[in-house]
Amino acid sequence: MSFLRYSWLIAVKDLRAELRTKEAVNASLSFALVILLLFSFAFDPTGEQTREISGGLLWLVFAFAGALILNRSFARELSNDCLDALVASPVPGTALYLGKCLANLTLLLAVELVCLPVFGVFYNVRWTHRFWPLMLVLLLGTWGIAVVGTMFSALTINLRLRELMLPTLVYPLLIPALMAAIQLTTGLLAGQPLAGDLTNWLKLLAGFDIIFTALALGLVETVLVG
Amino acid sequence: MRLKLLYAACLIGAWLLLANLAVILLVLPDEAEQGAIYRIIFFHVPAAWSAFLGFLAAAVASVAYLIKRDLRYDAVAVSVTEVGLAFGAVNLVTGMIWGRIIWGIWWTWDARLTSMLVCWLLYAGYLMLRRAVEEPAQRAKVAAVFSIFAFADVPIVWFSIQWWRTQHPQPVMRGSGSMDPAMYKMMFANWAPLLLLFCVLVVIRLRQERIQSEIDALRREAHAR
C-alpha cells in the first residue's frame with residue numbers, strides 16, 4: 001500500500017473512533033464556548049474595539065480548545081497497548097503521524113467552524129465578508145497547530161503531567177503561526193482584501209507550516225520508534 | 001588535573017573581569033545621552049551572545065545525540081541549555097534595569113525584548129520537560145527533539161515579531177547615533193571573561209551530570225541484588 005493510503009487509513013480510523021465516542025470533540029467544543037463566554041466579561045463585548053481584537057480572541061479560543069483534542073490524539077492509543085501495535089504494524093511512523101495530523105486537523109476545523117458563527121452572533125462581528133480567504137487562513141493556521149501539536153502529543157505521551165506539558169510546550173512554539181493567523185483574521189474580519197501586508201503574513205504562515213511539517217516528518221520516526 | 005584547569009580558568013576569568021571593570025568604571029567616560037547607566041551594556045550584550053551560543057550548542061548536541069545515541073551528548077545539551085538560560089536571564093534582567101532608568105518602564109513589548117522572552121520561555125520549557133521523564137534514554141530523546149524544534153522556532157519568532165512591531169510606532173526609541181569605538185571594543189573585550197565563566201559553569205554542570213549517572217547506575221546495581 002502506498003504511503004498516503006496508510007495515512008488516510010489512520011486518519012479515518014481516528015475520526016471514526018472519535019465520532020463514536022465524541023469525547024475529545026465534546027470537551028473541546030464546550031471548553032471553547034465557555035472561553036468565548038468568559039471573554040465577554042473581560043471587555044465591553046458590544047464595543048467597536050471587539051473587531052480590532054477579534055482575530056486574537058478567536059485564535060486564543062482555537063489554541064485552547066485545540067490542546068484538548070491534541071492531548072487525546074496519542075493518549076487514546078495508550079490503553080490496550082494500541083500504540084505498540086500501531087508501531088509494530090507495517091504502517092510507517094511518518095504515515096501514522098500524518099494520518100493523526102489529518103484527523104486532528106478535521107476535528108479542530110469542525111470545532112472552529114462552530115465557534116465562528118457563535119462568535120459572530122455574541123460579539124456582533126460580521127465574519128462572512130471575506131469567506132474564502134478566511135477559510136484559507138483557518139486551514140493554514142489550524143494545520144500549523146495540528147502539525148506541532150500532534151508531534152508533541154506523541155512526544156509527551158509517556159510523561160507525567162502530560163495534559164499540562166503539551167500546552168506549555170506548544171504555545172510558545174506556535175507564536176509565529178498564531179501571530180500570522182491573528183493578523184490575517186483581524187484584517188479579513190474587518191473586510192480588508194487579501195493583499196499587501198496580509199499576503200506577507202499569509203506567506204509567513206505557509207512558511208511556518210512547511211518548515212514544521214518537514215521537521216516533524218523528519219523526526220517523528222525517532223520519537224515513535226526509538 | 002581537570003579540577004586545576006578549572007581553577008585556572010576561574011582565575012583568568014576573574015582577572016580579566018577585574019581588568020575590564022577597571023577600564024569600564026574608571027577609564028571610559030559617561031555616555032553623552034544616557035549617563036552612567038550605559039555601562040550595563042558591557043554585560044547585557046555579551047550575556048545575550050553567550051546565551052544564543054549556548055542554544056546553538058544545545059541544538060548541535062541534540063542532533064548529535066539523536067544520531068549517536070550517546071548520553072554524553074545529552075549531558076552536553078542540558079548543561080549548555082541551563083547555563084544559556086542563566087545568561088539569558090542576565091540579559092533580560094540587565095535590560096530591564098536599563099529600561100527602567102532610560103525609558104522609565106521595566107518592560108516594553110519591543111521586538112527584541114519579546115523574542116528574547118519567548119526564547120527564554122521555550123528553553124525553560126525544555127528543562128521542565130526533562131523533569132517529567134524518568135528514564136534517561138527516553139528523557140534524552142524527548143529533550144533532543146524539543147531542543148531542535150525550539151532552535152528552529154527562534155529565528156521565525158524573531159522575524160515575525162520584528163515584522164509585527166515595525167508596523168506599529170515604537171513606544172520608546174533607543175538613543176540614536178553610533179557607539180564610540182572604545183566602548184564598542186569593550187563590549188567584545190568583556191565577552192571574554194563572560195564566555196570563560198560560561199565554559200566553567202558548563203564543565204561543572206557536566207561533572208554533575210556524570211556523577212549523577214554514576215549514582216543512578218550504582219543505585220540500579222544495588223536494587224538488582
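The values are calculated or read from the model by the stated rules, or taken from the named source; none is laboratory data. In this text, all values refer to a predicted model and were calculated from it rather than measured experimentally. Note that each Cβ is placed from the backbone with ideal geometry, even for glycine, and that neighbours are counted across all protein chains shown. When the accessible area is computed, the model is the full protein with side chains, heavy atoms only, and any ligands, DNA or RNA have been set aside. Shrake-Rupley method; radii C 1.70, N 1.55, O 1.52, S 1.80 Å.
Can A:Thr222 be described as surrounded by fewer than 20 Cβ atoms within 10 Å (Cβ to Cβ), closer than 22 Å to A:Lys100 by Cβ and more than 9 Å from chain B (Cβ to nearest Cβ)? Taking the combined requirement at face value, the residue does not satisfy it. For the range A:139-149, the count of residues that are among the aromatic types (Phe, Trp, Tyr) and touching a residue at least 24 places away in the same chain (Cβ under 8 Å) is nonzero.
The residues of the range B:68-110 that are assigned to a helix (DSSP H, G or I), of a type outside the set (A, V, I, L, M) and open to solvent by 50 Å² or more (accessible area, probe 1.4 Å), listed by number, are B:Lys68, B:Arg72, B:Tyr73, B:Glu82, B:Arg100.
Okay, residues lined up against (1) out of contact with any Cys (no Cβ under 6 Å at 6 or more places or on another chain); (2) buried (at least 17 other Cβ atoms within 10 Å of the Cβ); (3) not in a helix (DSSP H, G or I); (4) not aromatic (Phe, Trp, Tyr):
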{"position": "A:Leu108", "(1), (2), (3), (4)": "yes, yes, no, yes"}
{"position": "A:Val111", "(1), (2), (3), (4)": "yes, yes, no, yes"}
{"position": "A:Cys115", "(1), (2), (3), (4)": "yes, yes, no, yes"}
{"position": "A:Phe119", "(1), (2), (3), (4)": "yes, yes, no, no"}
{"position": "A:Asn124", "(1), (2), (3), (4)": "yes, no, yes, yes"}
{"position": "A:Thr128", "(1), (2), (3), (4)": "yes, no, yes, yes"}
{"position": "A:Pro133", "(1), (2), (3), (4)": "yes, yes, no, yes"}
{"position": "A:Leu138", "(1), (2), (3), (4)": "yes, yes, no, yes"}
{"position": "A:Gly141", "(1), (2), (3), (4)": "yes, yes, no, yes"}
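Looking only at the range A:179-210, filter to residues that are more than 23 Å from A:Thr128 (Cβ to Cβ) and not polar (S, T, N, Q); which one of those is surrounded by the most Cβ atoms within 10 Å (Cβ to Cβ)? In this case the residue turns out to be A:Phe208. Look through the range B:131-150, keep the residues that are open to solvent by less than 30 Å² (accessible area, probe 1.4 Å) and farther than 13 Å from B:Tyr65 by Cβ, and return whichever of them is nearest to the other protein chains (Cβ to nearest Cβ). The residue in question is B:Ala132.
Here's the yes/no breakdown for (1) of a type in the set (D, E, K, R); (2) within 11 Å of another protein chain (Cβ to nearest Cβ):
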| site | (1), (2) |
| --- | --- |
| A:Leu139 | no, no |
| A:Asn158 | no, yes |
| A:Glu163 | yes, no |
| A:Leu169 | no, yes |
| A:Pro172 | no, yes |
| A:Ala180 | no, yes |
| A:Ala195 | no, no |
| A:Leu217 | no, no |
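For the range A:18-48, the set of residues classified as among the hydrophobic types (A, V, I, L, M, F, W, C) and open to solvent by 40 Å² or more (accessible area, probe 1.4 Å) consists of A:Leu19, A:Ala27, A:Leu29, A:Phe31, A:Leu33, A:Val34, A:Leu37, A:Leu38, A:Phe41, A:Ala42, listed by residue number.
When we screen A:Ser7, A:Ser79, A:Ser89 for residues that are more than 16 Å from A:Val114 (Cα to Cα) and buried (at least 18 other Cβ atoms within 10 Å of the Cβ), the only hit is A:Ser7.
Checked against (1) modelled with pLDDT of 90 or more; (2) more than 30 Å from A:Thr46 (Cα to Cα), A:Leu113 passes all but condition (2).
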